[in-house]
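A.B. asks: Quick one: the structure is below, questions incoming.
The values are calculated or read from the model by the stated rules, or taken from the named source; none is laboratory data. Note that this is a predicted model, so its numbers are computed, not measured. Using ideal geometry, Cβ is built from the backbone for each residue, glycine included, and neighbour counts are taken over all protein chains shown. All accessible areas refer to the heavy atoms of the entire protein, side chains included, with ligands and DNA or RNA removed. Shrake-Rupley method; radii C 1.70, N 1.55, O 1.52, S 1.80 Å.
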Amino acid sequence: MKCEGYFGEYGGQFIPEVLMPAIDELKEAYFELKDDEDFQNELSYYLKNYAGRETPLYYAENLTKKLGGAKIYLKREDLLHGGAHKTNNTIGQALLAKRMGKTRIIAETGAGQHGVGTSMAGALFGLETEIFMGRLDTERQQPNVFRMKLLGAKVTPVDTGSKVLKDAVNEAMRNWTATFENTHYLMGTVMGPHPFPTIVRDFQSVIGKEVKKQIMEQEGRLPDHLVACIGGGSNALGLFHAFIQDKDVRMVGIEAAGKGLNTSLHGASISKGKKGVLHGMLSYFLQDEDGQIEEAYSISAGLDYPGIGPEHAYLHDSGRAEYASATDDQALSAFMELTRSEGIIPALESSHAVAYAIENAGNMDKDEIMVINLSGRGDKDLNTVIDIMQKRGM
Amino acid sequence: MNKPVLVSFLVSGDPNPDATLKFMKTLDKYSGVIELGIPFSDPVADGPTIQAADVRSLSNKFKISKSFDILKEFRKESSTPVILMTYYNPVFKRGIENFVIQAKEAGANGLIIVDLPLQEATEYREICKKHEMGTVFLAAPNTPEERLKISDEASTEFLYLISTFGITGARDTFEQMTFDFIKRARTTCKGKICVGFGISKGSHAESLIEQGADGVIVGSAFVDIIKNYGDSEEALVKLEELAKELSEGIDKGYGKRK
Ligand SMILES: Cc1ncc(COP(=O)(O)O)c(C=O)c1O
């Protein structure tokens, strides 16, 4: 039998047999709708009029001057409805679910951003919505739990395993196994069995397409560096995808180094992970020598997934993209820096990408251009940041 | 045709490796096949009962090599076929060929890898064939006819029929869908077919065997006993009682068939 959905050696469909028909149905539906003009028009309509695309590409002049090197632009996904890039994908997949005749959507969430995005789409399109979230994350992300409930979703805390994001994925997959006849599993990032990594990447690639057009208008040329944070990798691929053929454009993904790559508390699955198979895909995972999956850690709940989407694993091995990391502390400093210098409070996830710029932009030439994907806004993280500041007596 | 059998599932290391060996010996008397689970940190195809067993095992720092050790010990006394059940990552991490060789040396007759579907299993099947290791694939009620045929051909020990949609875990009754599925598989498949997921009583076994299954696979119901009674004499008594009830159910169902 022919294997589908591979990026180099990564990807695939490593799923329990019961899910095969559901995955086949999804694949057929998606590849048919992908080029369907009505579907694309409807999607564009909602992205523009509901979600607020296109988002600005903002020249961060103050930050640029302060760092004294490359010109820094911010792609303002924080201004998208819902407060993060997640909305691009949730609207896309909810429309897909509707076209497939599904009446219910389910999703996993860590930080809660994807849960909120899914709940918004569920409300918008009249789909019953259930969100699986690790018990620990429901406690850490109270405001987002409340948002989901307000939006009419059922939030199911997951008490199995380590009670965080990967356990929520397990639970959502289990639920889908029993309910796929009426339910679409609205995957939150570029992971999972084929066709999910492709579907999510396609829906997010609007980010890079806009950047390409906007930077041509503003600078008359392509950027030198694209920088984005990496949880599962969707905002990063969304930014990168339109530029993959443009070999002079560097692409840099920033993983969570947490308390440091030399500790066990991080979420750096490319830097520190090994090839493995989980959640339907062959990719890089944090794991022990027996192949048991290890917990990831990051100050930002959206980055503490122990794996990475398969296309990133491929871009890494082929050398087309580079992967670096930022610690909790570097992300926090970047959070403060962007807030003070530009009046923009970034999500802690996005702050990891900003941290890379702070580290590196000063060493670059003034005519170099760096585009940072500001994947989300920081309102959801205020409690986390306040707690830390108080503990440190700031 | 051979008499249908009970396939008994346990998680190795739950609650400790010595107990697993005792449980296996107890179940051996009534079982045609023993399915020995290798615990995994993220068992997405399993229900809460088996997941909790995996956690109990792994939280005692259980290592996969221990599963092989348990099986080696068991082999000193019994020649009952043993199938190792696990997820793909532990196999992938060791290297498929290494894993198969080690399983073979330990005395395993076959492997079930629940998240390695046919279309990803080409290399795995070649390696198993080379080392004469048996393979078991799964099929669900919604598996299309053509795929059911290929799954049957790819399964050297038996084809694992999943009784329903969803995950493992004991349930009360079986739906018509399950019975229809067994009948369909019976006419389509050349090899043996065993039904699993949700079987916990003698009456379940009876009705499923009556429909033509070659075996019933019981996991969560045994694991529940281990959860409740731990590493104790009582656990052995309860396991034996249930195994006996199930095998009587199998006999009755088989009797009704003729
Ligand atoms: C604001 C924000 N950025 C980034 C991420 C990480 O996800 P991904 O790597 O898929 O973009 C999340 C996930 O929750 C998020 O909320």
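A.B. asks: Work out, step by step, the length gained on full extension between A:Lys48 and A:Phe125: first 0.36 nm times the residue separation, then minus their alpha carbon distance; give nm to one decimal.
C.D. replies: That works out to 26.1 nm of additional length.
A.B. asks: Ranking request for peptides B:64-77, A:331-344: highest mean number of other beta-carbon atoms within 10 Å first, then the rest in descending order.
C.D. replies: Highest-to-lowest ranking by the protection proxy: A:331-344, B:64-77.
A.B. asks: How big is the A/B interface in buried accessible area, both sides summed, 1.4 Å probe, to the nearest 100 Å²?
C.D. replies: Roughly 3300 Å² of accessible surface disappears when A and B pair.
A.B. asks: Separate question: Explain nothing, just the number: relative contact order of chain B, from Cα pairs under 8 Å at least 6 residues apart, as a whole percent.
C.D. replies: The value is 22 percent.
A.B. asks: Continuing with this model, one more query. In the neighborhood of B:Gly249, defined by Cβ-to-Cβ distances under 12 Å, what is the net charge if each Lys or Arg adds +1 and each Asp or Glu adds -1?
C.D. replies: -1
A.B. asks: Among the DSSP beta bridges whose two residues both lie in chain A, what percent are antiparallel, rounded to the nearest 5?
C.D. replies: DSSP beta bridges in chain A are roughly 30 percent antiparallel.
A.B. asks: Grab the other residues whose beta carbon is less than 10 angstrom from that of A:Ala324, score K and R as +1, D and E as -1, and report the net.
C.D. replies: Net charge in that neighbourhood comes out at -3.
A.B. asks: A follow-up question, please. Starting from the Cα of A:Asn41, step 7 Å along the direction of its Cβ; do the same at A:Lys209; then give the gap between the two resulting points in nm.
C.D. replies: Label at A:Asn41, label at A:Lys209, 1.6 nm between them.
A.B. asks: Among the listed pairs B:Lys63/B:Lys104; B:Lys3/B:Lys190; B:Lys104/B:Lys238; A:Lys163/B:Lys61; B:Lys104/B:Lys252; B:Lys25/B:Lys258, which are separated by more than 27 Å between their Cα atoms?
C.D. replies: The pairs that break the limit, which is 27 Å between Cα atoms, are B:Lys104/B:Lys238; B:Lys104/B:Lys252; B:Lys25/B:Lys258.
A.B. asks: If you don't mind, another one. Which residue, chosen from B:Ile34, A:Thr177, B:Asn60, occupies the Cα position most advanced towards the positive end of the dipole of the protein assembly as shown, where the dipole is computed from +1 (Lys, Arg) and -1 (Asp, Glu) charges on Cβ about the Cα centre?
C.D. replies: Of the listed residues, the answer is B:Ile34.
A.B. asks: Take peptide B:152-164, look around each residue's Cβ out to 10 angstrom, count Cβ atoms belonging to other protein chains, and average those counts.
C.D. replies: Taking all residues of B:152-164 together, the mean is 1.
A.B. asks: Full-extension gain between B:Lys183 and B:Glu241, please, as 0.36 nm times their residue separation minus the C-alpha to C-alpha distance.
C.D. replies: Roughly 17.9 nm would be gained on extension.
A.B. asks: With a/c under 1.5 counting as rounded, go ahead and sort the range B:5-256 into rounded, prolate or oblate using the C-alpha gyration tensor (a ≥ b ≥ c being the square roots of the eigenvalues; past the cut-off, prolate if a/b is larger than b/c, else oblate).
C.D. replies: oblate
A.B. asks: Follow-up question, since we're still on this one. Only four residue types carry charge here, +1 at the Cβ of Lys and Arg and -1 at the Cβ of Asp and Glu. Report the dipole size of chain A about the Cα centre in Debye, rounded to the nearest 20.
C.D. replies: Magnitude of the dipole: close to 780 debye.
A.B. asks: Continuing with the same structure: When the accessible area of the range B:5-256 is computed with all protein chains present and a 1.4 Å probe, what percentage of it is carbon and sulfur?
C.D. replies: Result for the range B:5-256: 50 percent of the exposed heavy-atom area is carbon or sulfur.
A.B. asks: Next question, about the same structure. About its Cα centre, how strong a charge dipole does chain B have in debye, to the nearest 20, once Lys and Arg get +1 and Asp and Glu get -1 at the Cβ?
C.D. replies: Around 440 debye, computed over chain B.
A.B. asks: Now a separate question. State whether the protein assembly as shown is rounded, prolate or oblate according to the following rule on the C-alpha gyration tensor (a ≥ b ≥ c being the square roots of its eigenvalues): a/c under 1.5 gives rounded; otherwise a/b larger than b/c gives prolate, and the remaining case gives oblate.
C.D. replies: Judged from the Cα gyration tensor, the protein assembly as shown comes out prolate (a/c at least 1.5, a/b above b/c).
A.B. asks: Name the most mobile residue of A:Pro21, A:Pro195, A:Pro223, meaning the one with the largest mean-square fluctuation, in a Gaussian network model of chain A with Cα contacts below 10 Å.
C.D. replies: A:Pro21
A.B. asks: Ok, one more. Cα centroid distance between the range A:228-265 and the range A:113-170, in Å?
C.D. replies: The range A:228-265 and the range A:113-170 have Cα centres spaced 25 Å from each other.
A.B. asks: Report the net charge of residues surrounding B:Ser151, where surrounding means a beta-carbon distance below 12 angstrom and charges are Lys +1, Arg +1, Asp -1, Glu -1.
C.D. replies: Counting the neighbours of B:Ser151, the net charge comes to -1.
A.B. asks: Tell me, what does the Kirkwood hydrodynamic radius of the range B:67-176 come to in angstroms if you use every pair of distinct C-alpha atoms?
C.D. replies: It works out to 15.0 Å.
A.B. asks: Separate question: Kindly point out which whole DSSP H helices in chain A project their C-alpha atoms 27 angstrom or further along the helix axis while averaging a Kyte-Doolittle hydropathy of 0.5 or above.
C.D. replies: Membrane-span-like by this criterion, though nothing is claimed about a membrane: none.
A.B. asks: So, one more: Kindly identify the range A:8-74 as rounded, prolate or oblate by the Cα gyration tensor criterion: order the square roots of the eigenvalues as a ≥ b ≥ c, call it rounded if a/c is under 1.5, otherwise compare a/b with b/c, prolate if a/b is larger, else oblate.
C.D. replies: oblate
A.B. asks: Here is a follow-up. With springs connecting C-alpha atoms under 10 Å apart, model chain A as a Gaussian network and identify which of A:Lys34, A:Lys71, A:Lys380 has the largest mean-square fluctuation.
C.D. replies: Top of the fluctuation ranking is A:Lys34.
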